[in-house]
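Below is one structure, written out as structure tokens; the observations come after it.
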Amino acid sequence: MAEKRRPYRRHTAATWTAGGLAGLLTALTGCGGPATERTGPAAVQRVLDARAAAVRDRDADAFLASVDPAADGFRDRQRRMFASLRGVPLADWRYRVVRTGAFPLPAAAGGGPRIAVEARLSYRLAGYDTAPVGAVQYLTLTRRDGHWRISSDSDGAADGKRTARQLWDQGRVQVVRGDHSLVLGTGQTGARLRELARRADDAVPAVADAWPGRWSREVVVEAPDSVRGMAELLGSPDDSAYEGIAAVTTGEAGASNRAPADRVIVNPRAYGELSGLGRRIVLTHETAHVATRTTTTAETPLWLSEGFADWTAYRTAQRTPRAAAPELTRAVAAGRLPDRLPTAADFGFDAGADRLNRAYEGGWLACRMIADTWGEGRLVSFYRAVGTAPNGPGALDRALREELHLSAAQFTERWRTYVARVLG
């Protein structure tokens, strides 16, 4: 689209005091020398269970009891992280050990046993997440003064094992609740977060009108304070790739309604540069991805998933095709009518701004053509047919034949004719 670019049994917690956790850690101590089986996955799991219970109980002392007191910098960051979680509405928080020996450990002064752990953090936001959101963590546990504690979450970075960062790792989280939204931000003004909540609240009924059926009708928006913070939340070391991107939706395509929830992550600078209409379009587009995620699979072409999201966003915007598709309009005027639908490569971040914009515009016009020619209901059923068809690789061709009674070649030619007509 023209104004944005997009890269998609409950346990009862026991109360752990700092002393209680220290007792558990003492019980896990080996008898000297290298770590033994007594410090294998099961023992590490018990340490992390105690840490998770401290988060659920909002017990800062118990949480810090799981952190190596000699790891000054890491301990300070953990203290700040715990404080940053204060206003976040957590329904659950737990860890699962995936494996030990997860990465080479650097040499440490003073020696002593250490364990390199890959763990999976799972958490749910109260009232919004129907299933846990997961994130990988690479932790070093060190035995010191008879206790096993976490001393680092970055020792694996040199081996490519980077702990996934969350918003609360970036600073104190501010929380704004809307009628259909939860906005979490760091380093933002209250006015900016409330504006995001209003836009998201407006987007939910707009998407529900275009996409009938079951979905959460709730949106969680995360607003870091910089494009670097956005890239960190997306697990990217290159923040320059997101400079011109106003928002990105994360989520698992084709997952069930109980799969991890989506997050709409906003780039404060790019979003802030948009007009009011642009902001409305961006939040509606991203909300459309939230709504359609369970129908979108790995086989769904990006021109369809992105085009449908743009069609939903522009559906009531009263913008002409030329105004909404300036890059394709210029190409058509110069005699460069596209000869194929946009491919996945056209949507890549390294495709360049002009090519990326043309890809979004082309996908939008393909969906607009279906709605104009066969009706909005047929566009919705076509999308569903592609996402729910068996034997994924042939899903698009089957949906074209069954829903539109066209071959892929015929559909492409119809699209090219439509583009020439509405942009020419």
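The values are calculated or read from the model by the stated rules, or taken from the named source; none is laboratory data. Remember, it's a predicted structure, so these values are computed and weren't measured experimentally. Neighbour counts are summed over all protein chains in view; Cβ atoms, including those assigned to glycine, are modelled from backbone coordinates with ideal geometry. Side chains included, ligands, DNA and RNA excluded: accessible areas come from the protein's heavy atoms. Shrake-Rupley method; radii C 1.70, N 1.55, O 1.52, S 1.80 Å.
In table form, for the structure just shown:
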quantity: Carbon + sulfur, % of accessible area of the chain - ligands and nucleic acids excluded, 1.4 Å; calculated: 48 percent
quantity: Cα gyration tensor shape of the range 202-351, rounded if a/c is under 1.5, else prolate or oblate by comparing a/b with b/c; calculated: rounded
quantity: The range 315-424 - percent relative contact order, Cα under 8 Å, separation 6 or more; calculated: 31 percent
quantity: Three-way shape label, the chain, alpha-carbon gyration tensor, a/c 1.5; calculated: prolate
quantity: Helix-only mean residue ellipticity at 222 nm for the chain, each DSSP H run of n ≥ 4 adding -39500 (n - 2.57), per residue, nearest 500; calculated: -12500 deg cm²/dmol
quantity: Per residue, in Å², the accessible surface of the chain once ligands and nucleic acids are set aside, probe 1.4 Å; calculated: 43 Å²
quantity: Length-normalised contact order for the range 123-264 - Cα pairs under 8 Å, 6+ apart - percent; calculated: 23 percent
quantity: In the range 332-371, the trypsin sites (Lys or Arg not before Pro) that fall in loop regions by DSSP, at most 16 other Cβ within 10 Å; calculated: R336, R340
quantity: Amide hydrogen neighbours beyond the local backbone of L125, cut-off 5 Å, H modeled; calculated: A91
quantity: Whether the range 282-424 is rounded, prolate or oblate, judged on the alpha carbon gyration tensor where a/c under 1.5 counts as rounded; calculated: rounded
quantity: Relative contact order %, the range 101-192, counting alpha carbon pairs below 8 Å whose residues are six or more apart; calculated: 20 percent
